[in-house]
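Computed from the coordinates by the stated procedures, all read-outs in this text should not be read as laboratory data. The structure presented is a predicted model; accordingly, all values stated were derived computationally and were not measured. Backbone-built Cβ (ideal geometry, glycine too); neighbour counts: all protein chains shown.
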Amino acid sequence: MLLLDGIDIFMQIFKNKIAHKKKMVSLKDFTRFDPDILRDDGFIFLDNFDNMISKNPEKDQQFVADEHFLNDFKKLLLLNKTSILSLYNKNRTFFANIEDIPTTLGLEFYRSDKCSNIIISFDIEKNGHKYDIFGLGLKFSPFKRSGVFDNYNTDNAFHADFVDNLYSTSNIFYLYPEKPQNDTTTFLFIVDYPGFIRYDFGKSDKNLAKISIDGDLFRFAIFAFKDFTSSVSFLYKIQDSFYLPPFNAFGYTHSRWGIGSSENLLTIVDNHRKDNIKLTNICLDIDAMIKSKNFTVSDSFGGFEGLRALSSKLNENFIYLVPIIDAGIKIEDGYQPYEIIKKNDAFVKYSNGSDFTGKVWPGDCSFPDFLNEDGLESWKNLTKQWITDSQTSDLWIDMNEPSIFDQKDRTFPDSVRFNRLMFKNRDVHNIYPYFQAKTTLDAYLENDIRPMFFSRSGYTFNGRFCGNWTGDNQPRIKHLFRGWQQVLSLSLSGNTYCGTDIGGFWYSTSEKLLQKWFIMAFFHPLFRNHSSMFSKKREIYLLREPVKSHIRSIINTRYMLLPSIYSLFMLCMRFKKPYMLPFITTDNHIIDLIANIGDCILYSPFDNVIFKSDRFIKKSKELALKTEYERIDSKDKEELETLIDKKTYKKLSINNISFYLKSGKAILIDEKDRIARSMLDYSCLKVLTNPDANGNFETFIYMDDGRSAKSLQNYAIFKISGTYAKNDDNIIEDSLTYNIETLHNTLNETENVKAAGILQNLTFRSC
């Protein structure tokens, strides 16, 4: 790292720290009001959760005019000028009036004559009763939220604990009792406002939480449940649909800003193969473009003709290219993307009607207006042309907060307007990447392609259209630890296909830290090793022993468990359940150091041997266990196993990766240890079982072609259940009887033949 880089990082962090200290949500200049008496002014209690269209269309004509905006986002954005408040009780019926809100919350509303802000205030500690707060998606902070958080998509590249307005925004959070009882209530909060929001969780008043909404165009909903898991499940039902990645998206992904040429890329592939390091995806960063311009291919990759040949060659070996597309479009006469969007008058504007310009990698850029029908259509057509020209089937979108280098906050200024001046940036800023993701995915699906597709930025419920990674992290143990918490928190917000940059994006990492990171990310859906051109190369075959062998073993073990990972993920999405959740103990405490994977696996990277000697991780474990699970004996605080009921879960270890398998469940293992194109590409699988006390177990297999858009409708789910006979000491291994039940099957004839072959060749072993 250069000295100037170090100074730049220090200044960025220093500025953010100073700004953070100023944050407060004060009620001093605000007066309390009762929403119930404002019905005539448009503060409406909805009588139907899905009815998001304004009841006063005359007042809201400006919003109704945009058909696309209304239809596509009617479940996510309020469309009336003033506020709409939706309040649910635990029976999912609306409160009749404001007085019916549970008194434990002390819910109050404030408005000021001096500004447009509305503040929603409620109790988080009263009469000895205290709530913990979880959620808000991507935050660089402890899993349990405390303090002030801004939700405003921004490129904060050198972030730390006090930087909270990161790349992606989710206005979803949970209130959970600090000391849960069987009869306590969990609250799910959703604030539907895509503009600037500030959350003050006990900062200005330790007893209160305050939400400051910088505008009138919002929706606020509260749902109450008897337990935490039910509240998360309900959120997934509200979200309704989820991005479903192809099979290859779960394999190992190598990514580096600075691969430079197709020759270098083929060398990376060959060296992985020579060293028996499995590889499925390779990302192409901005260096694969012509001067960083979107929808172009540099001469070092042979232009479009060279890229097509490269992609075809790699696909034959089950390796897939994942190119990058940024948000900014270079202002350049004759450059087709610029000319097309300019002709359609579909760039984001200044308030005076001229196109907004800002500097990004290519230089001066304008930005497609994704809140405008013509902007969306232009982007979709450019994406379709890119698919045809490049012959690639996967994509990642970056810099879409959007990141703008010459702006004070590194993103759109307040003077920006959308949809031909209809919407102010301050009111809708966070929704910009939401519509970009939706229209990009549509372009692929309309070409019968189910892409590996993930984004850096997003808004609430962005998980409907794409995956999410946590952005430009650093090669520090603290960032590893926060990355684990970020992925869990994203899952609480309905963002399911997600992961971190393994090893940290900026600058060089130690080989030991890289190894730890691979262990941490083992069950993450997005399993990507990503680094910048300013860091030392970290291709696994370049590492020294024994680290190289350890990481190779981790990657290859991931491929052994890939049939389970894929099936668990897809089943969770089909049944609208989270793939990853923090562990809930038998007495209802939330432990974020352990994750539930699907319905059968518990995993904690911090329980693996490599972490036990790490001072930061050890301290974090002790702190988390002390604050979140106080009843553990002090002598046991370092051992996560004390939290896990051994009668319910059995600890397994495969190639030094330890996890827990639930009683009565089973997982799928590919013992041939190979790369497959889809679930239908396996010839045989082993079913590793953990029979319950009666010798029973069950598991599920999800099968599809793993690639085409048609597979989103054509797939099969099989349930496998079995029973072992038992003697006094143990089960009898060779006494198994099992049954295969078809829960769903829309596969074609050829695919059914392949599926039947796999099911007939299953082998079973108890653990």
Solution diffusion estimate, µm²/s, Stokes-Einstein, the stretch 649-688, Kirkwood Rh from C-alpha pairs, 25 °C, viscosity 0.890 mPa s: 210
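Using only alpha carbon pairs under 8 Å that are at least six residues apart, calculate the relative contact order of the stretch 663-767 and give it in whole percent. Don't skip to the end; give the middle numbers.
Working: 205 pairs, mean separation 32.5, N = 105.
Rounded, it is 31 percent for the stretch 663-767.
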Qualifying trypsin sites (Lys or Arg not before Pro) for the stretch 511-556 [loop in DSSP, other Cβ within 10 Å: at most 10]: Arg544
Long-range amide H partners of Phe527 with built H, under 5 Å: Thr253
Computed label-point distance, nm, for sites Asp389 and Glu332 using a 7 Å Cα→Cβ extension: 1.1
Computed magnitude of the charge dipole of the stretch 663-767 (debye, nearest 20; Cβ of K, R +1, Cβ of D, E -1): 340
Phi-based couplings in Hz for the stretch 732-740 (Karplus 6.51, -1.76, 1.60; Gly and Pro marked x): 9, 4, 8, 10, 6, 10, 9, 9, 10
Most positive-pole-ward Cα, Asn207, Phe196, Thr185, against dipole of the stretch 131-269 from beta carbon charges: Thr185
Members of Lys424/Lys478; Lys662/Lys726; Lys114/Lys408; Lys343/Lys380 lying beyond 27 Å, as alpha-carbon distances in this model show: Lys424/Lys478
Ile449 long-range amide H proximity, modeled H, under 5 Å: Ala709
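Show me the chymotrypsin sites (Phe, Trp or Tyr not before Pro) within the stretch 515-575 that DSSP assigns to loop and that have at most 15 other Cβ atoms within 10 Å of their Cβ.
On the way: sites: Trp517, Phe518, Phe522, Phe523, Phe527, Phe534, Tyr541, Tyr559, Tyr566, Phe569, Phe575; in loops: Phe522, Phe523, Phe534, Phe575.
Hits after loop and neighbour filter: Phe534, Phe575.
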Distance between modelled label sites at Ser415 and Tyr541, nm, 7 Å Cα→Cβ extension: 5.2
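When the chain is fully extended, how far beyond the present Cα-Cα distance does Asp734 get from Ser112, taking 0.36 nm per residue of separation? Don't jump to the answer; show the numbers that get you there.
Working: separation 622, 0.36 × 622 = 223.92 nm, distance 7.41 nm.
Contour length minus Cα-Cα distance gives 216.5 nm.
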Full-stretch length increase - Gln181, Glu741 - with 0.36 nm per residue and alpha-carbon distance subtracted: 197.7 nm
Model label zone, Lys726; criterion: amide N under 20 Å from point 7 Å along Cα-to-beta-carbon; scope the stretch 656-691: 661-667, 688-691
Cβ-derived FRET efficiency at R0 30 Å, Glu446 paired with Glu316, nearest 0.05: 0.70
Amide proton proximity set for Ser766, modelled H, under 5 Å, gap of 5+: Thr689
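Can you list the GluC sites (Glu not before Pro) in the stretch 647-738 that are in a DSSP coil and have 16 or fewer other beta carbons within 10 angstrom? Intermediate results must be reported in sequence, preceding the final value.
Working: sites: Glu671, Glu698, Glu733; in loops: Glu671.
Of the GluC sites (Glu not before Pro), the ones in loops of the stretch 647-738 whose Cβ has at most 16 other Cβ atoms within 10 Å are Glu671.
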Violating pairs (Cα-Cα greater than 26 angstrom) within the set Lys548/Lys754; Lys548/Lys665; Lys179/Lys618; Lys139/Lys719: Lys548/Lys754; Lys548/Lys665; Lys139/Lys719
Label point distance in nm, Ser658-Thr750, each placed 7 Å from Cα along Cα→Cβ: 4.6
Tensor-based shape of the stretch 669-730 (alpha-carbon gyration tensor, a/c under 1.5 rounded, otherwise prolate or oblate): oblate
